[in-house]
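These notes concern the structure reproduced below.
Just so it is clear, none of the values below were taken in a lab; they were calculated from the coordinates. Since the model is a prediction, treat every value here as computed from it, not as a measurement. For neighbour counting, all protein chains shown are included, and Cβ atoms are generated from backbone atoms with ideal geometry for every residue, glycine included.
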Amino acid sequence: MWTGDHDVEARWRQRLADGPCFLARAGATPVGMAGGRRDGADAELISMWVAPEARGRGVGRLLIEAVVGWSDASVLSLRVIDGNSAAIGLYTSLGFALDEGCADAEGCRRMRLRR
């Protein structure tokens, strides 16, 4: 998850080395991306972005399905900004469930898909 202007390129380069990054395009224009990484026997969706003009068109669903298919994990987790109802709705429609408890210090909640 992007952590603001203090975020560093090195952290993002390491994340790219930890697992795949799936890119969605409309022609030659990038309209979305999602990344994943393994965490022992489980996996984590570590990045998710869809361009505003591509939202509501199934791009996010396809990207998440790509990460789920890649992971082949029994549990796939993610963090979502508390109150981001569109993202929470998408994740819920794909089988993710919110963990109990409050948002973390960065204002995020954890969701998990158990297979």
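If you scan region 55-82, which residues turn out to be touching a residue at least 24 places away in the same chain (Cβ under 8 Å), of a type in the set (Gly, Ala, Ser) and out of contact with any Gly (no Cβ under 8 Å at 6 or more places or on another chain)?
66, 73, 74, 77
Considering only residues that are among the charged types (D, E, K, R) and either in contact (Cβ under 8 Å) with a residue 40 or more places away in the chain or in a loop (DSSP other than H, G, I, E, B) (or both), which ones fall in region 100-115?
Hits for region 100-115 are 100, 104, 106, 114, 115.
Restricting to region 63-79, give me the number of residues that are buried (at least 22 other Cβ atoms within 10 Å of the Cβ) and among the hydrophobic types (A, V, I, L, M, F, W, C).
Number of matching residues: 5.
How many of the residues making up region 34-60 are among the charged types (D, E, K, R) and surrounded by fewer than 14 Cβ atoms within 10 Å (Cβ to Cβ)?
First, the residues of region 34-60 that are among the charged types (D, E, K, R): 37-39, 42, 44, 53, 55, 57.
Pick out the ones that are also surrounded by fewer than 14 Cβ atoms within 10 Å (Cβ to Cβ) and you get 53.
Selection size over region 34-60: 1.
How many residues are farther than 20 Å from residue 51 by Cα, in contact with a Phe, Trp or Tyr (Cβ under 9 Å, 6 or more places away or on another chain) and aliphatic (A, V, I, L, M) when one looks only at region 74-96?
So the answer is 1.
Would it be correct to say that residue 85 is surrounded by fewer than 20 Cβ atoms within 10 Å (Cβ to Cβ), in contact (Cβ under 8 Å) with a residue 40 or more places away in the chain and farther than 20 Å from residue 13 by Cα?
No; evaluated as a whole, the condition is false for this residue.
For region 51-93, which positions are part of a helix (DSSP H, G or I), hydrophobic (A, V, I, L, M, F, W, C) and within 14 Å of residue 111 (Cβ to Cβ)?
64, 67, 68, 86, 87, 88, 90 - these are the residues of region 51-93 that are part of a helix (DSSP H, G or I), hydrophobic (A, V, I, L, M, F, W, C) and within 14 Å of residue 111 (Cβ to Cβ).
Restricting attention to region 100-115, and to residues there that are of a type in the set (D, E, K, R) and surrounded by 12 or more Cβ atoms within 10 Å (Cβ to Cβ), which single residue is farthest from residue 68 (Cα to Cα)? Before you say what the answer is, go through the steps one by one.
Of the residues in region 100-115, the ones of a type in the set (D, E, K, R) are 100, 104, 106, 109-110, 112, 114-115.
Within this subset, residues satisfying the condition of being surrounded by 12 or more Cβ atoms within 10 Å (Cβ to Cβ) are 109-110, 112, 114.
On the way: 109: 19, 110: 16, 112: 11, 114: 11 Å.
That would be 109.
Go through region 44-81 and count every residue that is of a type in the set (Gly, Ala, Ser) and touching a strand residue (DSSP E or B) at 6+ places or on another chain (Cβ under 6 Å).
Number of matching residues: 8.
Checking residue 92 against (1) surrounded by fewer than 20 Cβ atoms within 10 Å (Cβ to Cβ); (2) closer than 19 Å to residue 103 by Cα; (3) without any contact (Cβ under 8 Å) to a residue 40 or more places away in the chain; (4) in contact with a strand residue (DSSP E or B) (Cβ under 7 Å, 6 or more places away or on another chain), which single condition isn't satisfied?
(4)
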